[in-house]
Amino acid sequence: MICKECGTENEKTSRFCENCGHSLKKPLFYKNTLTKKKKITIGVIIIVLFFGILSYLVGSYYTSPKYIASNYFEAIAYAKGDKLYQTLELKETSPFTSKKVVSSLLRQQLEDENINVVNYKVTKLTSSEDGFRTNVEISYTDKSSKQTETTIVTLLKHKKNKWLFFKNWSVDTSSFETIDQFTLSALKGSKLTIEGIDLTSYLNKEKSTDSLDVYELPAMFQTNYKVKATLPFGFDIEDTIMVSKSRRRATVTFDEKSLSKETREKLLQISKQSLEQLYQSILEKKNFADIKEQYQYENGDTNALERSYNQLLSDVSSSNLKSITFKNLDLTDLEITDEGYLYLSLKVNYDYTVMYTNENGEQKEHTDSDYDYVNLTYDYQNEDFHFVSFKNLMTYFSRYL
């Protein structure tokens, strides 16, 4: 064995050089003889492999049923329109399907169902036998009930992969499908908005009638939308319309339930004033000619009111009514007449006093309470309600206990 240090030839079994004493043992490791180019190539390969593995792990996470279901649940639970659009890959096809409107619809749904999610987590994933369907169970805590609830988000797998390498899962979007056109009708002259969107530009004058305005609305989700209407009677109402493939038209409903508290109180106050004014004239036995002026208005017709008043005057005169006080009024129904008048149905509670002669010929008074159902009709002109007719007003007042 030749010594690398001094070149002396030694026996094969020698451990040290006989000349210089240098160790003849072979080293376990040899000095790296890689070139700079090879080093760069290996480094690039390592980096590519690292980012390849990292990209695969990230892609697998963001395309997993757990991640997609969590995003979907969070968007619904916290009314995040942007996140829902991103998760379901929706498109804004009209003002009524925008991210802003979606957020508003989600908030309203949560409010109607009294849901307030404070936290959640995925608790279980269950796949179908064919592998094309996965149910993701999510547990969440509701602030209102302080109880843990569960819900299931169902995902479907598409045959074509996403980004070439990853399984393509998506939430069933059937509940977010749209219809291309929806027809909405409302009382003539009303001003309508849906989620703050003015519907004036969608008015179809050709399809509108003498009593109804007809609106043709573009794409809308198959869900419930709240409509706010300012009626030609000067007050606002709210109504809910249901949009679906089987319900492509609706009419804004106008009834006592759609009135705001303020509007209801206003109509009851107007009705009470009308009744008090009317019966005061009856008690004073005034002719209609004496009070006609207070019921006249521009282009108004008092003929119906005059006929009803004269009949009421005749009927009440025979009852010996001395006084009447209206206490509680309740609005039971309202509608629009063919003439465009506001027709109110009311339950009226009242106290009254009548004079009568007993069997001994003595003049007596009897005071009592009662209730009845009456109908009052108003025309709305120049931002004011005008009393035009009435029906079923009280004409009989008992003197018996």
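Nothing in this text is a laboratory measurement; each read-out follows from the coordinates by a stated rule. Here the structure is a predicted model, which means the values were calculated and not measured. Because the Cβ atoms are built from the backbone with ideal geometry, glycine has one as well, and the counts that use them run over all protein chains shown.
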Over segment 126-202 - Rg/Rh using Cα atoms and the Kirkwood inverse-distance radius
1.21
Residue-count net charge about LEU283 - beta-carbon cut-off 15 Å; Lys, Arg +1, Asp, Glu -1
-3
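Using the structure shown, list the pairs from LYS100/LYS188; LYS188/LYS347; LYS286/LYS391; LYS188/LYS228 with a Cα-Cα distance above 23 Å, or answer none.
Violating the 23 Å limit, Cα to Cα: LYS100/LYS188; LYS188/LYS347.
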Output ordering of 264-273, 75-84 (per-residue mean of other Cβ within 10 Å, highest first) is 75-84, 264-273
What is the angle, in °, between the Cα long axis of helix 303-317 and the longest principal axis of the Cα atoms in the chain? Nearest 10 is fine, range 0 to 90.
60
Please give the Cα centre distance for segment 86-141 versus segment 196-247, rounded to the nearest Å.
27
Could you name the lysines in cross-link range of LYS157, using Cα to Cα under 16 Å and dropping any fewer than eight places away on the same chain?
LYS66, LYS167
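Placing unit charges on C-beta atoms (Lys and Arg positive, Asp and Glu negative, everything else neutral), compute the dipole magnitude of the chain about its Cα centre in debye, rounded to 20.
On the way: 52 positive and 55 negative charges, 970 e Å.
Dipole about the Cα centre, nearest 20: 4660 debye.
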Positive minus negative residues near ASN328 (Lys, Arg vs Asp, Glu; Cβ under 14 Å)
-2
Rounded to the angstrom and largest first, Cα extents along the principal axes for the chain equal 162, 53, 40
Calculated P(r) tail over 12 Å for segment 346-401, as whole % of Cα pairs
73
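Which of the peptides 188-195, 123-130 is most tightly packed, and how do the rest follow, judged by the mean count of other Cβ atoms within 10 Å per residue? Working shown, then result.
Values: 188-195: 17.4, 123-130: 10.8.
Most protected by this proxy first, the peptides run 188-195, 123-130.
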Over all Cα pairs of segment 234-291, how is the pair count split among 10 Å bins, expressed in % and running from 0 up to the last occupied bin?
19, 28, 20, 19, 8, 5, 0
Alpha-carbon radius of gyration plus Dmax, which is the widest Cα pair, for segment 173-269 in Å
14.1, 49
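Please report, in debye to the nearest 20, how large the charge dipole of segment 1-127 is about its Cα centre when each Lys and Arg carries +1 at its beta carbon and each Asp and Glu carries -1 there. Before the final figure, lay out each step's value.
Numbers: 19 positive and 11 negative charges, 135 e Å.
Charge dipole of segment 1-127: 640 debye, to the nearest 20.
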Reduced to Cα centres, the span from segment 273-304 to segment 323-344 in Å works out to 17
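Among 364-372, 51-59, how do they line up by average Cβ neighbours within 10 Å per residue, starting with the highest? Don't jump to the answer; show the numbers that get you there.
Details: 364-372: 12.8, 51-59: 11.2.
Per-residue mean Cβ counts within 10 Å order the peptides as 364-372, 51-59.
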Pick out, from TYR350, TYR373, TYR400, the residue whose Cα sits farthest towards the positive end of the charge dipole of segment 311-401, with +1 on the Cβ of Lys and Arg and -1 on the Cβ of Asp and Glu.
TYR400
Among the aspartates and glutamates, select those whose C-alpha is under 17 Å from the C-alpha of LYS25, and discard any that sit fewer than 8 residues away in the same chain.
GLU5, GLU9, GLU11
Taking every Cα atom in segment 8-149, find the radius of gyration and the maximum pairwise distance Dmax, and write them in Å.
32.0, 100
By how many degrees, 0 to 90 and rounded to 10, does the Cα axis of helix 36-62 deviate from the longest principal axis of the chain?
30
